[in-house]
Amino acid sequence: MAQVTLRKLVKHYDETPAVRGIDLEISDKEFVVLVGPSGCGKSTTLRMIAGLEDITGGDVLIGGEVVNDVPPKDRDIAMVFQNYALYPHMSVYENMSFGLRLKKTPKDEITRRVQNAAQILDISELLERKPKQLSGGQRQRVAMGRAIVRDPKVFLFDEPLSNLDAKLRVQMRTEIKKVHQKVRTTTVYVTHDQVEAMTLADRVVVMNGGNIEQVGTPNDLYHSPSTKFVAGFIGSPAMNFLPCALDEAAGGLRVRLSDQLSFPVPQERTARYRPHLGRGRLLFGLRPENIMEQRPHLEANQNPFEVELEVTEPMGMETLVYFLVQGMEVCGRVNPNAGARDGKRIKLVADLNNMHLIDDESGKVL
Amino acid sequence: MANGIAAKAPASSPARRMTMQKLMRRRSTTALALALPLIVLISTLVIYPAFYAVYLSMLDRTMEHFTGLRNILFLLHFDTFWMVVKQSCLFAITAVIFKALIGFVTSHFVHNLPAKGQRKWRGMLLVPWVIPTAMSTIAWFWLFDPSYSAINWLLAKFGIESIPFLGVPGWARFSVILVNVWYGAPFFLIMYLAALKSVPDQLYEAAAIDGASWWQKVWYVTLPMMRNIIAITMLFSLIVTFANFDIVRILTYGGPVNSTHIFATWAFALGIQGNNIPMGASVSLFMLPILGVAAYFILRDINRRGSSV
């Protein structure tokens, strides 16, 4: 059991920077997810923690000790790979016990640990099989089992669910969460799937272009993103961004999206936004769920407006509606019974309690 | 309607076309037709010569009288024959083992080279295998020359007496094996390199995290993953090496005193040079059961493992 610390961690491949000096503190027993688009440096970071990748600069600390030059086998970590990396010529039992056998652990101790892990993962009856005779989900379990039996300081997961089909992925996601609740071990998990990140993590680290954009709980990231990248990356469908102007009007502020469309800024935010009055290149950010159907009683800062819908996508429990504002496509989520249809004019409500104002130049959320 | 179409069809008689169509529709007929070129090819190039060799081996020296198994029985009581059997086995097995070892080690070296320079090295290391053996063996012949060769010149520099590489049975056997290893190792290198490249990197990474040392990675990951390729390559090479002709023929002529003869060169010496073709055919037939047994064991092992993985 241990905490993991990254200090000014840098990785260059030849001249190409992959990780540009990141700092991160992962506490004991915490489940941290590194998420970001491909090429953002998340896997490289994980592989540096594992010791599979040389460090160009900075430090990796596991349990308070600098492990920069410690080979992977002496770091007391376990890793689950995207394509499972099971030894094809060994049975499930042999796969799971391989690390222990190399360490010359007593036989009955190995059996005990493997059976215990197999029980946690519900693969007890598969122990004699070869990896080829297993389904994708079962192989993933074995790969996790191999990590669990080692009882390491840190679990590392490198996109472990990417090779599974959609349904199995959701199932295994829950499974991983359950396992972490049973086997409380510090975990670093890499994925490009923001849903996985949100559902699994105690804290999410959003990475982009080799840098950390933001670190926070899933709720933090969702409701108070600090940059446009995070705001756009977390949440599906993605947040709407519209160029806007900030105007002074009738004792308050208004965001003007077009000549016809403008909304009053919530009272409690006027002080925060006032310094940016009249500034150019501002973006107005609003999540699709904050654009909904007209309802009889509007709460504070909910503003009705009328649009002509372009496309509607009925999802069953909700309908996604798309319309244009100044030529930019905007997505909203309405009740399936609200009567939204392609090409129809409809009254919608924008809930500005959850609006964001973004400086498009720096990408910072104001 | 059907009649109308038949009437419009060109001259060939409709009845005959019907039987042809019926025949073609039978799957076995089509299969036979498709396989026929191969059957003809194998029959003329493999089966016919093989049976002709069996027939030849049953004739007497004049090739006029049928003698049954007399040639074979004669060989079984002939000391030189047993020496050739021993020498062939020694030659093939030793050479294949060293080729496999050298191929395995060099393939690891080449595999670990940076991708940029790898092609160059691969190309250079393949050269021995690409040069026509007759030519390269002549070069070796010069290298082994007792008085003027480069090797002996070097040995003389260090004050070591010159070695009669091709003049003494022991050294001559060593020399033919050395040349064969030199010639055949690149084949193993290429096969093992291909096998190495097909082992996923993540297996090594998983093993590294599991705590495996370099040797343990080779033992627990590389070797099991390469087993089939190793077995097939060694079997293939065993057959080719066992049936080798050119190296021994050019380097030693089977000498000194028949001590380096292997089946093919001795069969040639008896049959063509000794003007006893039936005896030569009998000698070459002895290769068949020996290789057959080896092939059976190695291929059986591959099948068994193939189904278990």
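The values are calculated or read from the model by the stated rules, or taken from the named source; none is laboratory data. These numbers come from a predicted model, not from an experiment. Positions of Cβ are backbone-derived with ideal geometry, glycine not excepted, and every protein chain shown enters the neighbour counts.
Quick notes on this structure:
- Near pairs, Cβ below 7 angstrom, 6+ apart or cross-chain, from region B:243-254 (without any contact (Cβ under 8 Å) to a residue 40 or more places away in the chain) to any residue that is outside any helix (DSSP H, G or I): B:254/B:260; B:254/B:261
Residue-by-condition table, conditions (1) buried (at least 18 other Cβ atoms within 10 Å of the Cβ); (2) in the same structural domain as residue A:324 (by TED's automatic domain parsing); (3) at positive phi; (4) more than 29 Å from the chain's Cα centre (by Cα):
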residue	(1), (2), (3), (4)
A:190	yes, no, no, no
A:196	yes, no, no, no
A:232	no, no, no, no
A:248	no, yes, no, yes
A:252	no, yes, no, yes
A:260	no, yes, no, yes
A:284	yes, yes, no, no
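- The listed residue being at negative phi and within 14 Å of another protein chain (Cβ to nearest Cβ), out of A:44, A:56, A:16: A:44
- Criterion applied to A:168, A:164, A:200, A:221 was being crowded, with 19+ Cβ neighbours inside 10 Å, assigned by TED's automatic domain parsing to the domain that holds residue A:103 and farther than 20 Å from residue A:362 by Cβ, and the one residue passing it is A:200.
- When we screen B:176, B:199, B:168, B:181 for residues that are within 14 Å of chain A (Cβ to nearest Cβ), hydrophobic (A, V, I, L, M, F, W, C) and within 32 Å of the chain's Cα centre (by Cα), the only hit is B:199.
- When A:325, A:349 are checked against the criterion of being surrounded by 18 or more Cβ atoms within 10 Å (Cβ to Cβ), closer than 19 Å to residue A:244 by Cβ and modelled with pLDDT under 90, a single residue qualifies: A:325.
- Residue in region A:286-307 that is touching a Cys at 6+ places or on another chain (Cβ under 7 Å) and either surrounded by 13 or more Cβ atoms within 10 Å (Cβ to Cβ) or closer than 17 Å to residue A:346 by Cβ (or both) present: yes
- Of the residues screened, residue A:332 is not one that is part of a loop (DSSP other than H, G, I, E, B) and in the same structural domain as residue A:266 (by TED's automatic domain parsing).
- Among (1) closer than 30 Å to residue B:197 by Cα; (2) of a type in the set (A, V, I, L, M, F, W, C); (3) surrounded by 18 or more Cβ atoms within 10 Å (Cβ to Cβ) - the single one residue B:84 does not satisfy: (1)
- Taken over region A:52-68, the residue count meeting the criterion of being part of a loop (DSSP other than H, G, I, E, B) and under 20 Å from residue A:35 (Cα atoms) is 2.
- Qualifying residues in region A:335-346 (those that are in contact with a Leu (Cβ under 7 Å, 6 or more places away or on another chain) and closer than 17 Å to residue A:290 by Cα) - the one modelled with the lowest pLDDT: A:340
- Taking (1) under 29 Å from residue B:289 (Cβ atoms); (2) assigned to a helix (DSSP H, G or I) in turn, residue B:122 satisfies each apart from (1).
- Counting the residues of region A:252-311 that are touching a helix residue (DSSP H, G or I) at 6+ places or on another chain (Cβ under 6 Å) and polar (S, T, N, Q) gives 2.
- Per-region count, region B:140-157, residues hydroxyl-bearing (Ser, Thr, Tyr) and farther than 21 Å from residue B:246 by Cβ: 2
- Taking (1) assigned by TED's automatic domain parsing to the domain that holds residue B:249; (2) touching a Leu at 6+ places or on another chain (Cβ under 7 Å); (3) closer than 23 Å to residue B:294 by Cβ in turn, residue B:111 satisfies each apart from (3).
- Residue in region B:41-48 that is surrounded by 17 or more Cβ atoms within 10 Å (Cβ to Cβ), outside the structural domain of residue B:177 (by TED's automatic domain parsing) and assigned to a helix (DSSP H, G or I) present: no
- Residue list for region A:69-121, restricted to those being away from chain B (no Cβ under 13 Å) and not in a helix (DSSP H, G or I): A:69, A:106
- Residue ranges of strands (runs of 3 or more DSSP E) in region A:246-297 with at least 3 members within 19 Å of residue A:223 (Cα to Cα): A:282-286
- Each residue in region A:136-167 was checked for being of a type in the set (S, T, N, Q) and over 16 Å from residue A:90 (Cα atoms), and 2 of them qualify.
- Screening residue B:236 on (1) crowded, with 19+ Cβ neighbours inside 10 Å; (2) more than 14 Å from every other protein chain (Cβ to nearest Cβ); (3) in a helix (DSSP H, G or I); (4) out of contact with any Leu (no Cβ under 7 Å at 6 or more places or on another chain) shows it passes everything except condition (1).
- Residues in region A:107-158 that are in contact with a strand residue (DSSP E or B) (Cβ under 7 Å, 6 or more places away or on another chain) and among the small types (Gly, Ala, Ser): A:143, A:147.
- Given (1) over 14 Å from residue B:192 (Cβ atoms); (2) touching a Ser or Thr at 6+ places or on another chain (Cβ under 7 Å), number of the condition residue B:125 does not satisfy: (1)
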